[in-house]
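These notes are about the structure you will find just below.
The values are calculated or read from the model by the stated rules, or taken from the named source; none is laboratory data. Keep in mind that what you see is a predicted model, and the values were worked out from it rather than measured. Cβ atoms come from the backbone with ideal geometry, glycine included; neighbour counts cover every protein chain shown. Heads up: the accessible areas ignore ligands, DNA and RNA and are worked out on the full protein's heavy atoms, side chains in. Shrake-Rupley method; radii C 1.70, N 1.55, O 1.52, S 1.80 Å.
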Amino acid sequence: MASLYGFAKRLYLVFNPPSPKEPTASPLRFGILGAARIAPIALILPVKSHPDAVVTAVAARDQGRADAFAKQHGIPKAYGGSGAYQKLLDDPEIDVVYNPLPNGLHYEWTMKALAAGKHVLLEKPSANTAEETRKMFTFAQEKGLVLLEAFHYRYHPATRRVKAIIDSGELGTLTKIEVNFGIPGFFVKDSDIRMVYDLGGGAMMDMGCYAMSISRYLANADPTKVISANAEVLPKFPRVDVSTTATLAFPTSGGTTTNGSADGLTATLLTHFRLPPLLGFLPRWPDFSVRVSGTRGIVDLSNFPAPWVHHNITVESSEQEGGRLRKRTEKHYGNLGWTTYRYQLEALVDKLRERTPEHWYDAQDSITNLEWIEAVYKETGLGSRPPSTAQVP
């Protein structure tokens, strides 16, 4: 009963965040490109409880949609119609731009936002190619601006706790990482933008970016090789993967593994837009899990992209190799009502105010993540998503 009460209270505070007790006189002003479904949970709600941030404007290609979105979420300005995105970028009363547009538009509108002198919070994956990501971060550095790719899960206490368990040596030498990121088919319809190749569609882009990121984070290293990668496609979408499974070799404490041999660390990533039903008819529950195995134990983290809703950290370890495993379960929710996105916002505001964030997802992390996503796509035979053809600064 206590856990049910805690769950209800967490969700209530997430969707009804308390106003800050001491708001600043001149908070950072955010503008949102696109009336995206992710924007409320990713930015609008977290901002409500932050004393130094407000959402000032939203832009959408349709004025009616922009107006409706602004009214629903209490946003003062709504830019709509032709040129709406650029009008938002040209607004002198906006300091930071949130870019949740489709993947294939990330590069164009992030470059234009940076050219307009705005800091950018950029949804993941950062672009269609690693080269585009590299150019964006180089441009941001040249302009003296902050660009952050929104891998929000990294900032949550649950993720940080799993990393601490691994780094403590409790699991011994790491041998295997397994990441599952799959949803049942009714979430991603044929009409979904995630099924559009030119817009950076595909399971390895949309979900694999998470899987690649957390495997690299928990391994505390980058892969050395794609051992294998297989993609499932549909006849009507021959270049868009509805599912990709990849196995990668990682360095180990004893050196770099280049051939994926049994004594090296490997990571297996499973991403799926349309998990098949159980027994052919029972809908599957979404699977967002990661397991890290070592010579002295195992740690599992459930629901790693959204641990603020619920999660379990299950650890089985022994004091020596081959010893009896002891099992325990931990939960780490942190500040009541804070989502992964709220923790991410805290870090971003700290960075913009020239304070040191507790955690930061830097440029090289973003670039490397897409390099290995592209490497997986190359191994599947599908190839990278197409680079933008837009004229940018």
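Need one word for region 61-105: rounded, prolate or oblate. Basis is the Cα gyration tensor (sqrt eigenvalues a ≥ b ≥ c); a/c below 1.5 gives rounded, then a/b vs b/c decides. In terms of gyration-tensor shape, rounded. Placing +1 on the Cβ of every Lys and Arg and -1 on the Cβ of every Asp and Glu, with no other charges, gives region 252-393 a dipole of roughly 500 debye about its Cα centre.
Would you work out what percent of the accessible area of the chain, with all protein chains in place, is carbon or sulfur (probe 1.4 Å)?
Values: 9070 of 17340 Å².
Heavy-atom surface of the chain belonging to carbon and sulfur, 1.4 Å probe: 52 percent.
The chymotrypsin sites (Phe, Trp or Tyr not before Pro) of region 80-121 include none that DSSP puts in a loop with a beta carbon having at most 15 other beta carbons within 10 Å. The residues of the chain present an accessible area of 44 Å² per residue when probed at 1.4 Å with all protein chains retained.
To two decimal places, what compactness ratio does region 75-173 give when its Cα radius of gyration is scaled by 2.2 N^0.38 Å?
Values: Rg = 17.2 Å, N = 99, 2.2 N^0.38 = 12.6 Å.
Against the empirical 2.2 N^0.38 Å value, I get 1.36 for region 75-173.
Shape analysis of region 232-361 places it in the rounded category; the axes a ≥ b ≥ c from the Cα gyration tensor give an a/c below 1.5. Given the options Asn99, Asn180, Asn335, state which has the largest fluctuation in a GNM of the chain using a 10 Å cut-off (strictly under) for Cα springs. Its mean-square fluctuation being the largest, the pick is Asn335.
Highest GNM mean-square fluctuation among Gly200, Gly172, Gly381, for the chain modelled with Cα contacts below 10 Å: Gly381.
Of Thr329, Thr224, the residue with the largest accessible area leads and the full order is Thr329, Thr224 (1.4 Å probe). Looking at the chain, the DSSP beta bridges with both ends there are about 60 percent antiparallel. In units of the compact-protein estimate 2.2 N^0.38 Å, the chain shows a Cα radius of gyration of 0.99. Summary: within the chain, the longest segment free of GluC sites (Glu not before Pro) located in DSSP loops with at most 12 other C-beta atoms within 10 Å is 94-318.
Ordered by 1.4 Å accessible area with all protein chains kept, Ser168, Ser293 run largest first as Ser168, Ser293. Projecting the Cα positions of Val96, Ala130, Ile177 onto the charge dipole of region 47-200 (unit charges on Cβ atoms of Lys, Arg, Asp and Glu, taken about the Cα centre) puts Ile177 furthest along the positive direction. When the chain is treated as a GNM with alpha-carbon contacts under 10 Å, the residue of Asp90, Asp300, Asp206 showing the greatest mean-square fluctuation is Asp90. Translational diffusion of region 321-393, estimated by Stokes-Einstein from the Kirkwood radius over alpha carbon pairs at 25 °C in a medium of 0.890 mPa s, is 143 µm² per second.
Residues Val233, Val58, ordered by accessible area of protein heavy atoms at a 1.4 angstrom probe radius and largest first, appear as Val233, Val58. For Lys87, the lysines whose Cα falls under 28 Å of its own Cα, not counting residues fewer than eight places away in the same chain, are Lys48, Lys71, Lys77, Lys112, Lys118, Lys124, Lys135, Lys143, Lys351. Per residue, the average separation of C-alpha pairs within less than 8 Å and at least 6 apart gives the chain a relative contact order of 19 percent.
Cross-link reach is defined here as a Cα-Cα straight distance under 20 Å, omitting same-chain residues fewer than 8 places apart; for Lys225 the lysines meeting it are Lys176, Lys378.
Longest span of the chain, sites excluded, free of trypsin sites (Lys or Arg not before Pro) in DSSP loop with at most 11 other C-beta atoms within 10 Å? Counting at most 11 other Cβ atoms within 10 Å as exposed, the longest clean stretch of the chain is 38-188.
Using a simple charge model, +1 on the beta-carbon of Lys and Arg, -1 on the beta-carbon of Asp and Glu, nothing else, what dipole does the chain show about its Cα centre, in debye to the nearest 20?
Values: 43 positive and 40 negative charges, 184 e Å.
Charge dipole, the chain, about its Cα centre: 880 debye, nearest 20.
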